[in-house]
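Take a look at the structure below.
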Amino acid sequence: MSKTYHKLKSYLSKMRMFHIYQPLLLIELIKGNGKTTGNNIAKSFLSYDETQIDYYKHITKIMPFKVLSQHFKELKRVKENYTFEDFDLTENQKEELIDLYRKKLNQKIDKTGIKKIFGHRKLSSGVIPGSTRYKVLLRAKNRCESCGISNDKKQLEVDHIIPRTKGGKDELSNFQALCYTCNSQKSNKDDTHFKKILDSYNHRKKGCIFCDISKSKIVKSNELAFVIKDNYPVTKHHCLIIPKRHCSDYFDLYQPEINAISQLINEMKVELQKKDKTIKGFNIGNNSGEVSGQTIFHCHIHLIPRRKGDTNNPRGGVRGVIKDKQNY
Ligand code: 5GP
Ligand code: ZN
């Protein structure tokens, strides 16, 4: 009796599976008489990966089907079923055409290189360390930061907001989690909507004091936002967290900017409480619109440290924006 057979058979009852990888790898080795390649194993994993299949089902609808159905009125789709009407080819004609289309396909692969053709997929998932991906997904609470769909429904991809090629850094505030639909729309070069959003991160307004802030005033920053001290502090260490892009109020912020601002608020909280032990609480506030009291029309969030006894009766806090209504 084969020793290998026994070993492999007895492992079946011991195998603790965290994923389906182990049996797939062993199946490949058994199929190959004890030998296989990383390529075979990866292809075998891929054949089970429904999320990848979903991705290509979606791509088919939005890209080749769209183009081809404009050209061929016979081409129809009902949900996941594709039909070419009046299809009357002989076997020989079918073979000939498949051969010709394969030749075209191979010409494209030879010219561009298969790695480059699928390069956009690699960029959106491969080069970002797992620990960063994990932090971004955790921050996004496993939901697409553009449309809100959950990771269970559509695979989320983590990628740069400002691309590396445009000087974007590898830091948390420059990453976002997008579902593959939002991400593929974003990476589609023809999609002017997403290109406009990307360009708009550079928007600065002439004459705006927060757009024009001198570097020496910046206490802390990340890719999309920065912190300065308030010139007329309500309490000691009162600071302002400001998006780099000029936008007038909170409601104009993009989700990645909200993330970047939130990250800075949290970091400042920790730093301030470390250096000033008298700080026991904070008010986080934003005035949106002149009627609410806004005086500088470049969005900013106030982070106001609070100390015991800094006012006679703190009860109600931000309710105090309307005098006499603070305490209830
Ligand atoms: P808002 O009323 O628009 O919510 O808040 C504007 C804040 O900016 C105020 O708290 C004010 O003290 C602060 N501020 C006004 N001018 C300057 C300035 O030139 N530099 C800094 N660092 N803060 C300012
Ligand atoms: Zn501005």
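The values are calculated or read from the model by the stated rules, or taken from the named source; none is laboratory data. These figures come from a predicted structure and were not determined experimentally. Backbone-built Cβ (ideal geometry, glycine too); neighbour counts: all protein chains shown. When the accessible area is computed, the model is the full protein with side chains, heavy atoms only, and any ligands, DNA or RNA have been set aside. Shrake-Rupley method; radii C 1.70, N 1.55, O 1.52, S 1.80 Å.
Structural remarks
- With a requirement of 2 or more residues that are touching a residue at least 60 places away in the same chain (Cβ under 8 Å), outside the structural domain of Pro163 (by TED's automatic domain parsing) and within 28 Å of the chain's Cα centre (by Cα), the helices (runs of 4 or more DSSP H) lying completely within region 54-152 that satisfy it span 119-125.
- Of the residues making up region 236-253, those that are assigned to a loop (DSSP other than H, G, I, E, B) and open to solvent by less than 10 Å² (accessible area, probe 1.4 Å) are His238, Cys247.
- Pick from region 291-328, criterion of a type in the set (Ser, Thr, Tyr) and within 40 Å of the chain's Cα centre (by Cα), ranking: farthest from ligand 2 (Cβ to nearest atom): Ser292
- Number of residues in region 252-293 that are within 19 Å of Val234 (Cα to Cα) and either of a type in the set (Ser, Thr, Tyr) or outside the structural domain of Asp230 (by TED's automatic domain parsing) (or both): the value is 3.
- Complete set of residues in region 70-101 that are surrounded by 10 or more Cβ atoms within 10 Å (Cβ to Cβ), under 22 Å from Lys57 (Cβ atoms) and charged (D, E, K, R): Glu74, Lys76, Arg77
- Subset of region 222-251 that is within 15 Å of ligand 2 (Cβ to nearest atom) and under 13 Å from Met268 (Cβ atoms) - its residue that is modelled with the lowest pLDDT: Ala225
- None of His298, His302 is assigned to a loop (DSSP other than H, G, I, E, B) and either hydrophobic (A, V, I, L, M, F, W, C) or open to solvent by less than 50 Å² (accessible area, probe 1.4 Å) (or both) except His298.
- Apart from one condition, Val219 fits all of (1) within 13 Å of ligand 1 (Cβ to nearest atom); (2) open to solvent by 50 Å² or more (accessible area, probe 1.4 Å); (3) farther than 23 Å from Glu171 by Cα; the exception is (3).
- Test for Glu271: is it under 30 Å from Ser292 (Cβ atoms), open to solvent by 20 Å² or more (accessible area, probe 1.4 Å) and either small (Gly, Ala, Ser) or in a loop (DSSP other than H, G, I, E, B) (or both): no
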